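The values are calculated or read from the model by the stated rules, or taken from the named source; none is laboratory data. All of these numbers come straight from a predicted model, not from anything done at the bench. Neighbour counts are summed over all protein chains in view; Cβ atoms, including those assigned to glycine, are modelled from backbone coordinates with ideal geometry. When the accessible area is computed, the model is the full protein with side chains, heavy atoms only, and any ligands, DNA or RNA have been set aside. Shrake-Rupley method; radii C 1.70, N 1.55, O 1.52, S 1.80 Å.
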Amino acid sequence: MATTQQDIEARLSYAHLHAIASHAGYVCRPAIPEEDKEGIDAVVTAYGTFPGAWRTQVTINIQLKATVKVPTDDGTHLSYFVQGIRRYDKLREDHRKPVRLLAVLFLPEQHADWLDCTEQQLILKRCAYWASIRNAPPSDNDSGKTVKIPKDQILKPENLKALVERLALGNDIPSYLVP
């Protein structure tokens with residue numbers, strides 16, 4: 001079976017997360033089939049001592065997406081349509097532990113512009129943003145729901161570390177903004 005553009009996008013979204021988590025010093029692994037059925041594509045686990053926290057392990061379940069579609073940008077948020085109401089509902093459930101995040105990698109429109117590799121550097125173009133849509137309102141249709149992702153929630157090592165430290169302290173993560 002031939003690899004599709006969507007397959008490549010999905011693999012790049014995982015590679016992006018894996019690189020970010022590794023740089024932060026965390027473990028990142030792909031979801032097992034049972035987790036995938038629950039809308040989890042990857043699991044990030046941080047081990048260690050976190051400043052002021054009694055927890056020594058923090059786990060984050062992540063639903064990964066990648067798209068070449070240019071998102072609507074309202075200045076502070078990017079819009080992303082989560083296809084499939086079942087997937088959306090799994091992400092918005094309040095009782096889920098560990099925390100679940102949606103991470104969306106916005107790639108350039110042209111496949112040739114996604115990656116640049118030289119002797120000095122490997123560059124994956126554009127970035128991913130994360131959001132928790134826990135407690136988001138139910139969808140009024142069966143096809144999915146558009147969510148707003150804060151532009152300041154870029155998936156990068158220092159932001160992932162801040163999120164892990166926040167969770168290690170037992171604090172909640174930023175709540176979902178209703179569009």
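Against the empirical curve 2.2 N^0.38 Å, the C-alpha radius of gyration of the chain lands at a ratio of 1.02.
Note on the chain: with neighbouring protein chains present and a 1.4 Å probe, carbon and sulfur make up 51 percent of its accessible heavy-atom surface.
The calculated FRET efficiency for Gln5 paired with Glu93, based on their beta-carbon distance and R0 = 35 Å, is about 0.70.
In this structure the chain gives 57 Å² per residue of accessible area when probed at 1.4 Å with all protein chains present.
Under 18 Å Cα to Cα from Lys97, which lysines show up? Leave out anything in the same chain fewer than 8 places away. Once the sequence-local lysines are set aside, what remains near Lys97 is Lys37.
When both region 87-115 and region 1-63 are represented by their alpha-carbon centers, they are found 11 Å apart.
How much FRET efficiency would the formula 1/(1 + (r/R0)^6) give for Ala112 and Ile173, where r is the Cβ-Cβ distance and R0 is 25 Å, rounded to 0.05? For R0 = 25 Å, the calculated efficiency reads 0.10. Each Lys or Arg adds one and each Asp or Glu takes one away; over the other residues whose Cβ falls under 9 Å from the Cβ of Thr76, this sums to -1.
Helical content alone sets the calculated 222 nm signal of the chain at -7500 deg cm²/dmol, taking -39,500 (n - 2.57) per DSSP H segment of four or more residues and averaging over every residue. Could you point to the residue in Gly48, Tyr129, Leu64 farthest towards the positive end of region 40-179's charge dipole, with +1 and -1 charges on the Cβ of Lys/Arg and Asp/Glu respectively? Going by the Cα projections, it comes out as Gly48. Computed over the Cα atoms of region 88-162, the ratio of the radius of gyration to the Kirkwood radius (Rg/Rh) comes to 1.07.
Taking the Cα centre of the chain as origin and assigning +1 to Lys and Arg Cβ atoms and -1 to Asp and Glu Cβ atoms, the resulting dipole is close to 400 debye.
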